[in-house]
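A.B. asks: This is the structure I have questions about; it appears just below.
Derivation of every value follows stated rules applied to the coordinates shown; laboratory data play no part. Just so we're clear, the structure is a prediction, and the values are computed from it rather than from any experiment. So basically every Cβ, Gly included, is an ideal-geometry build from the backbone, and we count neighbours across all protein chains shown.
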Amino acid sequence: MSLSPILRDRLRLPVVASPMFIVSGPDLVIAQCTSGVVGSFPSLNARPQPVLREWLTRITEELAKHDANNPESPSAPYAVNLIVHKSNDRLDEDLATVVEFEVPIVITSLGARTDVNDAVHSYGGIVLHDVINNRFAKKAVEKGADGLIAVAAGAGGHAGTQSPFALLQEIREWFDGPVLLSGSIAHGRSVLAAQAAGADLAYIGSAFIATEEANADAAYKQMIVDSTASDIVYSNLFTGVHGNYLRGSIEAAGYDPATLPVSDASAMDFGTNEKSESKAWRDIWGAGQGIGAVDAVLPAAEVVERLTREYADAKSRLL
């Protein structure tokens, strides 16, 4: 399997922190990167659009300062997530800003476009694309994606339904490039298991919601701590695309998780109009099935430290 040096040489742990809508911002990204894992955020979190330049300026400056002060343990690279969906009327502006700052890693979701990939490649960046099945994986690579993020069953937010073993196996039959696995990964042994199953890196989101740097309501963080896999509900009602959400937040918003109606893809809207600030993003909280491993709200650095210890212990048990 071929792994780009940017995804290999500066990571303390083979982990990319997933970009989480609203939750991921500069504080969390900087903490993740300086702890040795790739930090990321969706460009749409920076609102209004000019704020994206402010965030990228701060991230690049603070990571450079860390590297100058810690030459023995430089920061991991960071990533920006671009939503490549027709409703995202900011995509062109955000892409131009990404190119201006030469963002090292770009994560694309909900659509693959050759021109987006070409723009990132123009300065030497790499593109990783979210996929929930093998058909979408092939389309993404055909359009120029450098790597794939296999979003398997149990992942937080928008997620697929396939077993990670099935999805990774099908992708690895034809693709030898970088593959990340997403889905219920919140423990170091799960990171090792992802590699054993065929992934190069683990893709972790929910464990970082319960961190001090996350831009999440305190009640959201505590619900992550208090909940387990049985508290995750899979529904497409809130965005038009199936995803995993915390039962407690659904009930608090006045819905019965057992009788949620079905929506469709037309409900999905990532535009800058008022609808994009809908209750789904504020009050219905996404999370993956791996949250049973999270038992406290901690600094992101301590989460990475825990994962690192668990990963090392899991490897030692196999020797």
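A.B. asks: If you take every DSSP beta bridge whose two residues both sit in the chain, what share of them, in percent to the nearest 5, is antiparallel? Spell out each step's value before the answer.
C.D. replies: Numbers: 7 of 36 bridges.
That works out to approximately 20 percent antiparallel.
A.B. asks: Testing the spin-label approximation: label points 7 Å from Cα along Cα→Cβ at Trp174 and Ala64. State their distance in nm.
C.D. replies: Going by the 7 Å Cα→Cβ label model, 4.3 nm.
A.B. asks: Does the range 103-227 classify as rounded, prolate or oblate by the C-alpha gyration tensor (a ≥ b ≥ c root eigenvalues; a/c under 1.5 gives rounded; else a/b over b/c gives prolate, otherwise oblate)?
C.D. replies: oblate
A.B. asks: Can you tell me, using C-alpha contacts under 8 Å and at least 6 residues apart, the relative contact order of the chain as a whole percent? Before the final figure, lay out the partial values.
C.D. replies: Values: 668 pairs, mean separation 58.4, N = 319.
Relative contact order comes out at 18 percent.
A.B. asks: Under a Cβ-Cβ cut-off of 14 Å, what is the net charge of the residues other than Thr60 that fall near it, where Lys and Arg count +1 and Asp and Glu count -1?
C.D. replies: Here the charged neighbours net out to -3.
A.B. asks: Provide the gained length on full extension for the span Arg47 to Ser122, in nm with one decimal, where the gain is 0.36 nm per separating residue minus the Cα-Cα distance.
C.D. replies: Numbers: separation 75, 0.36 × 75 = 27.00 nm, distance 2.61 nm.
My answer for the length gained is 24.4 nm.
A.B. asks: Next question, about the same structure. On a C-alpha basis, how far is the centre of the range 4-62 from the centre of the range 148-187 in Å? Whole number, if you could?
C.D. replies: Going from one Cα centre to the other spans 21 Å.
A.B. asks: For a quick protection proxy, order the peptides 7-19, 307-319 by their average other-Cβ count within 10 Å, most packed first. Present the calculation step by step, with values, prior to reporting the outcome.
C.D. replies: Numbers: 7-19: 22.2, 307-319: 13.9.
By packing density, highest mean first, the sequence is 7-19, 307-319.
A.B. asks: Hey, another quick one. Got a sec? Which residues in the range 2-16 would a label at Glu302 touch, if it sits 7 Å along Cα→Cβ and we count backbone N under 19 Å?
C.D. replies: Counting backbone N atoms under 19 Å from the label point, the list is empty.
A.B. asks: Based on Cβ point charges of +1 for Lys and Arg and -1 for Asp and Glu, what charge dipole magnitude is obtained for the chain about its Cα centre, in debye rounded to the nearest 20?
C.D. replies: Using Cβ point charges on Lys, Arg, Asp and Glu, the chain gives about 620 debye.
A.B. asks: Under the rule of at least 5 residues apart or a separate chain, name every residue whose amide H is placed under 5 Å from the amide H of Ile149.
C.D. replies: HN-HN under 5 Å from Ile149: His129, Asp130, Val131, Leu180.
A.B. asks: Next question. Using the charge dipole of the chain (Lys, Arg: +1 at Cβ; Asp, Glu: -1 at Cβ; taken about the Cα centre), state which of Ala76, Ala153, His129 has its Cα farthest towards the positive end.
C.D. replies: Ala153
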